[in-house]
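Structure first, then comments.
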Amino acid sequence: MHSVMLRANALLTFSVTILALMCAMASLSDNFNSPSPTAQVQVLNIYRFQKKRNGDDEVSLTFNMSANLQSLFTWNTKQVFVFLAAEYETPKNALNQISLWDSILPSKEDAKFWIQTTNKYSFVDQGSNLQNKDFNLTLHWHVMPKTGKMFADKIAMTGFRLPETYR
Amino acid sequence: MGWVGEQIDSIKSLQFRQVLTQAISLGMIVTSALIIWKGLMCVTGSESPVVVVLSGSMEPGFKRGDILFLHMSKDPIRAGEIVVFNVDGREIPIVHRVIKVHERQDTGEVDILTKGDNNFGDDRLLYAHGQLWLQRHHIMGRAVGFLPYVGWVTIIMTEKPIIKYILIGALGLLVITSKE
């Protein structure tokens, strides 16, 4: 009876070790992938731009975006989380990052897309600094693996500017 | 009765030296587990280097029972990162994604807003009453690695303590009665 327990123990230990090794190798294999994603964003319309009652500026806009993130997918990729953030600097804040839109790409086929939409989350500044403000739109992605290490990177797109007057 | 009898016999036949050896080997197992845990705390800089996902708010990325490895570094927190945070008045830490960051020019302090990927709205409803932003001190760590399913062991053990006691008892018996 004793030896049965010992054998079961040895078998369990061995299989867990092999499983852990396979997970580690799957995660390490992600490092060999050198992705080359592309993205273009166009701001179509800033249809609302005003000061909220508490004094903070708020912007509502429509934009379209085309992106190809297919090269991010490897055999160890469960999904890619992708989001577009407005990034700018104000006298008060060295960095403001405001996520405007996000999406989960569950498979490689979904990773090449074109979308036209309004901002999903509110674009509100801390204060009233947005008139005539230059800002970047940055496409961030977060690769979530089946197992192991997570990866993240971004493409920054510059040269966007908010209007001088509220509308 | 065969197996139980055998085990009882083997306990009866123990010598003092043997008991001591086994106590030491048991102690070694416990202390090495402790060393690994504390070592991980040092390396990752996080109070709890490993957390188990308890809710479905980050599905389909993280499901209940998955394990996350945390890392806490001096690096500034940025949008898109998955952070683990504690809200005042809540015991259980939450794992959600940062969607807004405002970092002060002079002090470097940050205001952070989070949201679960699978939730409809942001987390302001989860924060303490009247709290609009998370600050740096709420953040326990950021998720850097992921391992599926393994956390179910702890979920089952917390929800059905009886299984925990059976498992600990069986393992203890195995250590006591095993001979090299």
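What follows draws every value from the coordinates through simple rules; no lab data is involved. Since the structure is predicted, the reported quantities are computational estimates derived from the model, not experimental observations. Every residue, glycine as well, gets a Cβ built from its backbone with ideal geometry; the counts of neighbours run over all protein chains shown.
Once R0 is set to 35 Å, what does the formula 1/(1 + (r/R0)^6) return for the Cβ-Cβ distance between B:Met28 and B:Ile166, expressed as a FRET efficiency to the nearest 0.05?
Plugging the Cβ-Cβ distance into 1/(1 + (r/R0)^6) gives 0.90.
Taking the number of other C-beta atoms within 10 Å as the exposure measure, put B:Tyr165, A:Tyr88 in order starting with the fewest.
Ordered from fewest to most neighbouring Cβ atoms within 10 Å, B:Tyr165, A:Tyr88 come out as B:Tyr165, A:Tyr88.
Find the lysine pairs in the range A:35-161 meeting two conditions, Cα atoms under 28 Å apart and a separation of 8 or more places or different chains, and report how many there are.
The number of close lysine pairs in the range A:35-161 is 28.
Give me the net charge for the shell around A:Asp30: Cβ to Cβ below 12 angstrom, other residues only, Lys and Arg +1, Asp and Glu -1.
Here the charged neighbours net out to +3.
Using θ = phi - 60° and the Karplus curve 6.51 cos²θ - 1.76 cosθ + 1.60, what whole-Hz ³J(HN,Hα) does each residue of the range B:155-170 get, with Gly and Pro shown as x?
Taking θ as phi minus 60°, the curve returns 4, 4, 5, 6, 7, 10, x, 4, 5, 4, 5, 4, 5, 5, x, 4 Hz for the range B:155-170.
Output ³J(HN,Hα) for the range A:128-136: one whole-Hz value per residue in order, computed from phi by the Karplus curve 6.51 cos²θ - 1.76 cosθ + 1.60 with θ = phi - 60°, and x for Gly and Pro.
Karplus-based 3J(HN,Hα) across the range A:128-136 equals 10, 10, 8, 5, 6, 8, 7, 9, 9 Hz.
Could you tally the net charge around B:Leu147, taking each other residue with its Cβ under 15 Å from the Cβ of B:Leu147, Lys/Arg +1 and Asp/Glu -1?
Every neighbour counted, the sum reads +3.
What's the magnitude of the charge dipole for the protein assembly as shown around its Cα centre, counting Lys and Arg as +1 and Asp and Glu as -1 at the beta-carbon? Answer in Debye, nearest 20.
380
Would you mind classifying the range B:1-81 by shape? Square roots of the alpha carbon gyration tensor eigenvalues, ordered a ≥ b ≥ c; an a/c under 1.5 is rounded, otherwise it is prolate if a/b is larger than b/c and oblate if not.
It comes out oblate by the Cα gyration axes.
Given Cβ point charges of +1 (Lys, Arg) and -1 (Asp, Glu) and nothing else, what value in debye, to the nearest 20, does the dipole of chain A about its Cα centre take?
300
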